[in-house]
Each structure stands twice: as structure tokens, then as C-alpha cells.
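First comes the structure, then the notes that go with it.
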Ligand SMILES: Nc1ncnc2c1ncn2[C@@H]1O[C@H](COP(=O)(O)OP(=O)(O)O)[C@@H](O)[C@H]1O
Ligand SMILES: [Mg+2]
């Protein structure tokens, strides 16, 4: 019998990657399984809430209050599961030649009503004629929206959000600069960890998901922030030397 040699570092790494992939797959499946009974609970709570809508007695009002609490917590679970599912699937991308400015504008249009409601002035400097990048538009939209929602939550009393795109030495970049609450050192060093959140009811998955999506595009996401002054996120994306099929960017 030939003696078994110790596994090489590459084999050890591969085994860990396989184990991680399997756990991520199971966790994703579990999240899906939880969503179905959860929506049944939500639906029934909604119906129960309607039954108590015109509560007249003290007892009925107390019951309605409890129903509302359960509804709120169900919503929280639902949001957490949705965030977790986008975190778990962040690596499967459908890349298409895209115009970064156009994609940024679409997300900003989507965000505009929320910004107006919170008193946030969005100022954009989108450099014209950027080179075409490869994007999974849905995933990119989600990543950017997470950053915009964080900026909004960091400026509850309103503020400014500067959005700019430009060419770099090795690709294109996007800056998002807010005048919000900013972060202290310990917060800055943990924000990309899954489930880290300083918000009540926060999932702590927005930034880790956004970063994973950008890295899956071959890009990078950087953060600068100062407590009480504001926060800047920079997303860098590579520009491919050749585009698949020389397709027109959208
Ligand atoms: N623009 C920002 N300004 C200040 N703090 C931020 C900003 N974006 C993120 N953070 C901090 O990073 C934490 C993690 O963000 P995220 O992963 O999106 O989770 P969540 O928004 O659910 O807390 C937030 O709880 C907050 O402390
Ligand atoms: Mg968030």
C-alpha cells in the first residue's frame, strides 16, 4: 500500500471552498424554506388585523396591538431573508456590455422620490463617454441601491449626496459621497462583515452584499468615512480590452 501523503495547501483550500459552497447552498435553501410559512403567517396576521380594525373594547385594542407587533417582526424577518438570499447568490453574474452612467441614472431615478422625501439633494457629475463595462445590471442595481439607502439612513434630517463617475488609470470609477453621520474607526473596520449593523433592525448584509457583487465583477469597493462629517464609497470597475461580440452597450 502506498502511504497517503499530506494534502497540499491547494487541496486544503479547495476543500474549505467546497465546504463553504455547500454551507452557503444549504443556508440559501433554508432561507427559501422559511419564506413560505412566513408568508402564510403574514397573510393570516393581515386578516386578523382586519378583523380587529375597528376595535372598540380595551381587550380588542390590546389584541390589535399584538397583531401589529407580530406583523412588524414578520416584515423584519422577510427583509432579513431577502437580504440574505441576495447575499448568498451574489456570485452568479450575467455580465452584459453596459454604460455605467446609464445604469447609475436608472438607480438615481428610482431613488429620487425617497431622496426628495428625506430632504436629500442629489448632485451628479457623470463624465460623458465612459468606456463600456461589463455589468450584471440587476445585481449592480441592487448593490448601488444598498449604498444609496445607507446614505439616506445616515442623513435622516436631509443632506447632500454627490454621485460622480470618471475614468481611472485601469478602468472606471464611481464615487458616492454623503454628508451624513459618518463612522468611527471601530465601525469602519467592521462594516463589510456579514450581520454587522449599528441600526435597530438592520440586517447588516447591505455592504457585504454590495462588496461581493462588485468584486464578482472584478472590481473593488473602498470606503472613507469620518464621524460627524460624512462617508465616501468608491467603486472601481475594470474596462475589458475586448467586448464579447462587440455588442453595443446599453
Ligand atoms: N453612508 C453611511 N454612513 C454612515 N454609516 C454607514 C453608511 N453606510 C453604512 N454605514 C454603517 O455600516 C453598517 C452596515 O451597513 P449595511 O451592511 O448596509 O447594514 P444595515 O444597513 O442593515 O445596518 C450600518 O449599520 C452603518 O453603521
Ligand atoms: Mg444597509
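Where a number appears in this text, it was derived from the coordinates with a stated rule and is not lab data. Bear in mind that the values here come from a model prediction, so they are computed numbers and not experimental data. Methodologically, a virtual Cβ is constructed for each residue, glycine included, from the backbone with ideal geometry; neighbour enumeration extends over all protein chains shown.
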Given 37 °C, 0.692 mPa s and a Kirkwood radius over Cα pairs, the Stokes-Einstein diffusion coefficient of the range 96-246 in µm²/s is 208 µm²/s
Computed D for the range 9-88, Stokes-Einstein, Kirkwood radius over alpha-carbon pairs, 20 °C, 1.002 mPa s, to the nearest µm² per second, is 141 µm²/s
Once normalised by the length of the range 89-155, the mean sequence separation of its alpha carbon contacts under 8 Å that are 6 or more apart gives a contact order in percent of 52 percent
Rounded to one decimal in Å, the inverse mean reciprocal Cα-Cα distance for the range 125-204, i.e. its Kirkwood radius, is 14.7 Å
Summing -39500 (n - 2.57) over every DSSP H run of at least 4 residues in the chain and dividing by its residue count gives a helix-only mean residue ellipticity at 222 nm, to the nearest 500 deg cm²/dmol, of -18000 deg cm²/dmol
Kirkwood calc, the range 7-46, C-alpha pairs only, radius in angstrom 12.3 Å
With the 8 Å Cα cutoff and a minimum separation of six or more residues, the chain has a relative contact order in percent of 18 percent
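For residue 71 and residue 6 in one chain, what is 0.36 nm times their gap in residues minus the Cα-Cα distance, to one decimal in nm? Kindly include the intermediate steps, with their values, before the conclusion.
Working: separation 65, 0.36 × 65 = 23.40 nm, distance 5.41 nm.
The span from residue 71 to residue 6 would gain 18.0 nm if fully extended.
Please give the length that would be gained between residue 22 and residue 61 if that part of the chain were fully extended, namely 0.36 nm times their separation in residues minus their C-alpha to C-alpha distance (nm, one decimal). Let's see the in-between values first.
Working: separation 39, 0.36 × 39 = 14.04 nm, distance 4.71 nm.
Extra length from residue 22 to residue 61 when fully extended: 9.3 nm.
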Taking alpha-carbon centroids only, the range 120-151 lies from the range 209-227 a number of Å equal to 12 Å
Out of 109, 175, 82, a Gaussian network model of the chain with alpha-carbon springs under 10 Å gives the largest mean-square fluctuation to 109
Within the set 232, 78, 14, GNM on the chain using Cα springs under 10 Å gives the largest fluctuation to 14
For the chain, percent of DSSP beta bridges that are antiparallel (nearest 5) comes out at 80 percent
When 129, 184, 136 are arranged by how many other beta-carbons sit within 10 Å of their Cβ, fewest first, they go 129, 184, 136
